[in-house]
Amino acid sequence: MLRHAWLVARKDLLVEFRSRTAILSAVVFTILVLLVFNFGRDPTAVAAVDLAPSILWVTFTFAAMLALNRAFHLELENQALDGLLLAPVSRSSIYLGKLIANLAFVATVEAVGLPLFALFFNVRITPVLGPLVLVIALATIGFVAVGTLFSAMTGRTRFAELLLPVLLLPFMLPPLIWAVLATAALLAGRPLSEAGGWLRLLAAFDIVFVTLAFFLFPATVSE
Amino acid sequence: MKILKTGRWITVSGLALLAAVYVRALAFTPVERTQGMAQKIFYIHLPSAIWAEGAMIFVGVASIFFLFLKDARLDRFAEASAEVGLVFCTLVLTTGPIWGKPIWGTWWTWDARLTLTLLLFLMYVGYVLLRGAVTDPGLRARYAAVLGICGMSLVPFVHLSVYMFRTLHPQPIVIKPSAPSLPGEMLTTFLFSFVVFSILYVGFVTQRYALALLRERAEPHA
């Protein structure tokens, strides 16, 4: 099953790699959001470090939403999804494959976004890089897992681009709140143990929703 | 239609009893010492809050069974319960600020409980929107079931974080591990009100269920 999942993910990533339009737009979009934030605050009144966790997470939320919206859009062209469903792979492996591809996509955008964020807002992330990456990874897995499931549904509805954020944001907010709190603790130079509670909640959220989406996904693709 | 009539009767008796709840709450229940009359809204606020969350759990449970049994009745019930849950959630979000203004001095704060009730409200809205956006009935039922199960699974996380944040909201005084710390007479009024709200929930859901049934008969292919 994992092999099938990997094949699905590889196909998606290959399509992405060949064209590179989506990933490039997502990266440019991330940079633009960071820019908007820079001009959206008064630098003399609000210190960058106070606002930093929010900036980071709002940027990542938007970038993830952009990535998820295109995940199943790709499959709707020329009935590619029907072809995928006809292939002798289980529905759950298709989900895992999509999840891996989406995670790779979002991770790439975040990998570009994080150093730029540190650069633009003069935030020292190198001392806490390890724990910070852990927080980002845990939060990203959680909302990409739910988002991949939801995008499979919204892709085939009317006003798909609008419906996905409306459905997904209530589910993104709890992990986002925990991630922002953990990030704030880390950037303020507190030890990782202080953010331990939030990290455990994030991990629990990941386990519950990856499992749930794995079992629910087959119900979203029609037979 | 029998089911619609039954629903109407349950709702009407529920509404009559709601008036009785208010007579009891205003005239025969002691006034809280520090909050004064503002505390009376508690008898609407908490029962609605319990049913706002309870309805989501029923949506989730009905959705799980729907995915296994493919029974249209479960789907209709989930739809009805979600819409009624949305109404109760709206009640919580309206009565909360009315109490908050005199007691906290502000209509709204970004307190954990308030935020999470708002999340629940948005989940209900999302659920209703998703149902409206899918035209094929079979697909709609399955999509809604998936969303319903996810929604139900989010509720425990919401609760966990409520206990982890320091919050401005009054701590639970009725539903908590130890015995309720509410004075006896207030507790009686609250329990009475809770029973009435349960009757209202059943009445509303029954009527909404009948409506879904009527709609299916009117447009068999829509």
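Just so it is clear, none of the values below were taken in a lab; they were calculated from the coordinates. Fair warning: this is a prediction, and the values are worked out from it, not measured in the lab. As a convention, Cβ positions derive from the backbone with ideal geometry for all residues, glycine included, and neighbour counts pool all protein chains shown.
Computed values, structure above
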{"quantity": "Label-point gap, in nm, between B:Leu214 and B:Arg73 - each point 7 angstrom along Cα→Cβ", "calculated": "2.1"}
{"quantity": "Given charges at Cβ of Lys, Arg, Asp, Glu: chain A dipole, positive-most of A:Leu149, A:Leu34, A:Ala80", "calculated": "A:Ala80"}
{"quantity": "Value of [θ]222 nm, deg cm²/dmol, for chain A, DSSP H segments ≥ 4, -39500 (n - 2.57) each, nearest 500", "calculated": "-28000 deg cm²/dmol"}
{"quantity": "3J(HN,Hα) from dihedral phi, region B:60-75, Karplus parametrisation 6.51/-1.76/1.60, rounded to Hz, x for glycine, proline", "calculated": "x, 5, 4, 5, 4, 5, 4, 5, 7, 8, 6, 8, 4, 5, 5, 5"}
{"quantity": "Within a Gaussian network of chain B (alpha carbon springs, distance under 10 Å), most fluctuating of B:Leu74, B:Leu119, B:Leu18", "calculated": "B:Leu119"}
{"quantity": "Taking region B:1-130 and dividing mean pair separation by its residue count, relative contact order in percent (alpha carbons under 8 Å, at least six apart)", "calculated": "23"}
{"quantity": "Percent RCO, i.e. relative contact order, over region A:2-220, from Cα pairs under 8 Å lying at least 6 residues apart", "calculated": "28"}
{"quantity": "Prolate/oblate/rounded call for region A:91-223, Cα gyration tensor, a/c under 1.5 rounded", "calculated": "prolate"}
{"quantity": "Ranking of B:Val31, A:Val33 by count of other Cβ atoms within 10 Å, fewest first", "calculated": "B:Val31, A:Val33"}
{"quantity": "Sequence-separation-based contact order of chain B, relative, with Cα cut under 8 Å and 6+ spacing, percent", "calculated": "37"}
{"quantity": "Longest site-free stretch - chain A; sites: trypsin sites (Lys or Arg not before Pro), DSSP loop, at most 14 other Cβ within 10 Å", "calculated": "A:21-123"}
{"quantity": "Net charge, A:Thr108 excluded, C-beta distance under 12 Å - Lys, Arg +1, Asp, Glu -1", "calculated": "-1"}
{"quantity": "Protection proxy ranking of B:107-113, A:140-146, B:193-199 - average other beta-carbon atoms within 10 Å, highest first", "calculated": "A:140-146, B:193-199, B:107-113"}
{"quantity": "Convex hull projection area averaged over all views, the protein assembly as shown, Cα basis, nm²", "calculated": "24.6"}
{"quantity": "At 1.567 mPa s and 4 °C, Stokes diffusion of chain A via Kirkwood alpha-carbon radius, µm² per second", "calculated": "71"}
{"quantity": "Gyration tensor verdict on region B:1-148 (Cα atoms; rounded if a/c is under 1.5, prolate if a/b is larger than b/c, oblate otherwise)", "calculated": "oblate"}
